[in-house]
Structure formats: C-alpha cells, structure tokens
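Presented below is the structure to which this report refers.
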Amino acid sequence: MKKELPLPLYYKLRESIREKILKGEYLPGSKIPSEQELMEEYNVSRMTVIRAINDLVQEGLLYRKQGKGTFVSIPQVQQRLGKLTNFTQDMLSRNLKPDSIILNLELMFPPFIIQEKLKIKENIRVWKLERLRLADNNPMGLQVAYLPSDIFPVIDETELGRGSLYEYLRKKYNIFFKKAEEIYWVRLPNNYEAEKLEIPKNTPVFYVQRLTFLENGRPGEFVESVLRGDRYQLYVELSI
C-alpha cells in the first residue's frame, strides 16, 4: 500500500484561507490578516504565507493593494453570451443591486462610423448617453449608447433616472429591441476609464461593441462598453 505524503504547509494554509472566504469569515472587499499575523497564527514562515497568498491571487480569490495589504475579491459576474439581456436584468438575476450614474446626455451629429452602424443619414442627430454602471455600489462598467433621434425624439434625463434604458424606451415609445450583435476585445483602460472604474491602469478590461436591432430589423442602438476584466467572466454554451 502506497504511503501518502504529508500535505505541504503552504497548501494547508491556502486551503484554510479559502475555507474562510467560502464560509464568509473573510467577506468580499475585506482585508485579510497581514503576512506577519498569518505567520504567527499558523506558525509558518513568511515564504509559506507568500506562496499560499500568491496561489489565491492567481485564482482571483484575493487581490493586493500596493501599500495597503491583501483583500478578498468581489465575486465575478458571469456574462452569458447568446441571450439578449440588459445590465439591470443581469444584476438582478444575480441578487446584485443595479445602479447607473448618468455622466453625459447630449443630442449630437454623430461621426461617420456611428452613422454607418445605425444606418442613418448625415443630417440625423443621435442621443449620446454615457453612464457608469454599478452593482452593489461597485463600478462594473462604462457604457456609451447612441440612439437615433428620428426613432427616439426625446430622452429625458430626469425620467430615465438611474433605471433601465430599455424599460424607459418601452414605456415612452412602446418600442422593443429584438436582437443584438456583440464583438469583444481585451485591452488596457485609458486614464479616464481606469479612474471611473476604480482600477489600476494595468488591469485588463473587456471592450464591447453592441449593435441592437428593433423588431422591424432596423438598428436602434449602438453601444460601446468598457467592462472590468476582474469582475466579468464570459460564458458560452457550445454544441456539436
């Protein structure tokens, strides 16, 4: 009978920290004990503590803040591809409180690329709506939506408030979106995006272009989104 080898100390420490995270003893966003405190609590060396923490950082369960310590990561939101939903629906389905802050709303003549996407003439203005999207008061993404004014003559910032744009448009215009096409890139945020999303500039983000179509097949919305790469996972179901 093969004799089992004893588990390494770093492994035991890593799994102990993992268990405390899963049981809620270390809450999302909270700071875990310092390296020195873990050394004393578990009677292990600094290298053992560092290796255990590094493993959990690589897994995404922990993250470091320079000069402040190590913290428990906020769980990622899984974005399922292939189904047309909006941000509010996505967050509510995960028991998260959705919120939006309107950063800018203006009626403008769009650049050529937006005209092409929305299939509009150059004399048609569009609504440009920029919002910061939040879940449980944490920044999740930046979104800039372009909507043709010949379909949506008025978008009232007060009426829209902090709620769902799609719900607002349904109630005001009785217009429904039928389908959408999305393209994803991974890149680094610019200074403005990093500041609004409250992330370091070296944290990757998902950049997403979304073209949404009305029931009659006409493009009714073009959206550029920057989503936090540390908060989103992409999920797609494949079949043969």
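Here are the numbers:
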{"read-out": "For the range 9-72: span of alpha carbons on each principal axis (Å, largest first)", "value": "27, 26, 20"}
{"read-out": "Degrees, to the nearest 10: 9-22 long Cα axis against longest axis of the chain", "value": "40"}
{"read-out": "For the range 9-72, size of Cβ-based charge dipole, Lys and Arg +1, Asp and Glu -1, in debye", "value": "200"}
{"read-out": "Pairwise FRET efficiency - Ser16 versus Gln66, Cβ, R0 = 35 Å, nearest 0.05", "value": "0.90"}
{"read-out": "Full-extension gain in nm, Ala180 to Phe112, via 0.36 nm per residue minus C-alpha separation", "value": "22.4 nm"}
{"read-out": "Relative packing of 132-141, 119-128, which averages over residues the other C-beta atoms within 10 Å, highest first", "value": "132-141, 119-128"}
{"read-out": "Per-residue [θ]222 nm for the chain (sum of -39500 (n - 2.57) over DSSP H runs n ≥ 4, rounded to 500)", "value": "-8000 deg cm²/dmol"}
{"read-out": "Dipole in debye (nearest 20) - the range 77-235, about Cα centre, beta carbon charges: Lys, Arg +1; Asp, Glu -1", "value": "420"}
{"read-out": "Percent of Cα pairs exceeding the 26 Å cut-off, where the set is the chain", "value": "50"}
{"read-out": "Cα-based helix-to-principal-axis angle, 46-59 vs the chain, degrees rounded to 10", "value": "30"}
{"read-out": "Potential extension, Asn202-Arg46 segment - 0.36 nm per residue separation minus Cα distance", "value": "53.4 nm"}
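Read-outs: derived from the displayed coordinates by stated rules, not from any lab. Keep in mind that what you see is a predicted model, and the values were worked out from it rather than measured. Virtual Cβ from ideal backbone geometry, glycine too; neighbours counted across all protein chains shown.
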